[in-house]
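This report refers to the structure that appears directly beneath it.
The values are calculated or read from the model by the stated rules, or taken from the named source; none is laboratory data. Keep in mind that this is a model prediction, so the values were computed, not measured. Counting neighbours? That spans all protein chains shown, and the Cβs are built from the backbone with ideal geometry, glycine included.
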Ligand code: FDM
């Protein structure tokens, strides 16, 4: 049966360093897609509301210590526990705007020195995004924005390593957006990319899995 008769939503993922502006752009995009009449939800990872998410949250706020591999697997498990809901939403026609996904998982853990292939393995089989937007800012500029909240990874030296890991992980399909442009300009670019992506999915593009 052609999925033309069963249009699905798009899986749109936002990635970038801390303070790149992802979170506010996600909420702006949510509002503008809603205004255009799309069925859309905004998600984020880590999802701190689940049991696994609470362990992650406690680790990030330095209230607990965990082996680097163990926390990596928890971040991944936190995505796996949302996989079937993600599928149901997408198949029922809802577009998901997701603030961080498997790419954050690999970029942050490999920035600690873990092997990149080891980091990618537990993500294998999660839903592959239809669009990955990377909000590009230098670690120095991001740090100048201030407001690092004191969580574990919010330090310039570490963010430099994360930026390198993202570079190693990115491919030609990623849309790289200059995160230092005026907020409204970025917002317009993202809206156009999202609307294009949503129509491609509505035309029958099938869901695929990482790492494709
Ligand atoms: N982070 C996020 C990871 O290390 N691995 C992951 O899989 C994900 C999704 O958690 F520093 C890191 C990235 C960031 C921190 O993210 C919390 P938010 O976006 O600040 O909540």
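Considering only residues in the stretch 82-95 that are surrounded by 14 or more Cβ atoms within 10 Å (Cβ to Cβ) and under 18 Å from the mean Cα position of the chain (by Cα), the one that is nearest to residue 30 (Cα to Cα) turns out to be 95. Can you find a residue in the stretch 150-160 that is in contact with a helix residue (DSSP H, G or I) (Cβ under 6 Å, 6 or more places away or on another chain) and over 30 Å from residue 65 (Cβ atoms)? Within the stretch 150-160, not a single residue is in contact with a helix residue (DSSP H, G or I) (Cβ under 6 Å, 6 or more places away or on another chain) and over 30 Å from residue 65 (Cβ atoms). The set of residues in the stretch 50-70 that are within 12 Å of the ligand (Cβ to nearest atom), closer than 22 Å to residue 127 by Cα and either free of Cβ contacts under 8 Å to residues at least 24 places away in the same chain or under 16 Å from the mean Cα position of the chain (by Cα) (or both) comprises 53, 56.
Output the number of residues of the stretch 96-129 satisfying the condition of being outside any helix (DSSP H, G or I) and within 17 Å of the chain's Cα centre (by Cα). Don't jump to the end; show me each part of the working.
Initial filter on the stretch 96-129 (outside any helix (DSSP H, G or I)): 96-101, 112-115, 124-129.
Narrowing the set further to residues that are within 17 Å of the chain's Cα centre (by Cα) leaves 96-101, 124-129.
Matching residues across the stretch 96-129 total 12.
Got a sec? Which of 125, 93 is in contact with a strand residue (DSSP E or B) (Cβ under 8 Å, 6 or more places away or on another chain) and touching a residue at least 60 places away in the same chain (Cβ under 8 Å)? Step through it out loud before you land on a result.
Numbers: 93 fails: in contact with a strand residue (DSSP E or B) (Cβ under 8 Å, 6 or more places away or on another chain).
From the options 125, 93, the qualifying one is 125.
Apart from one condition, residue 173 fits all of (1) at pLDDT 95 or above; (2) farther than 26 Å from residue 86 by Cβ; (3) assigned to a loop (DSSP other than H, G, I, E, B); the exception is (2). Count of the stretch 139-151 residues, restricted to those that are within 13 Å of the ligand (Cβ to nearest atom) and either surrounded by 14 or more Cβ atoms within 10 Å (Cβ to Cβ) or on the phi > 0 side of the Ramachandran plot (or both), is 5.
Answer yes or no as to whether residue 8 is modelled with pLDDT of 95 or more, more than 12 Å from the ligand (Cβ to nearest atom), assigned to a loop (DSSP other than H, G, I, E, B) and under 21 Å from residue 194 (Cβ atoms).
Details: modelled with pLDDT of 95 or more: yes; more than 12 Å from the ligand (Cβ to nearest atom): yes; assigned to a loop (DSSP other than H, G, I, E, B): yes; under 21 Å from residue 194 (Cβ atoms): yes.
Answer is yes for this residue.
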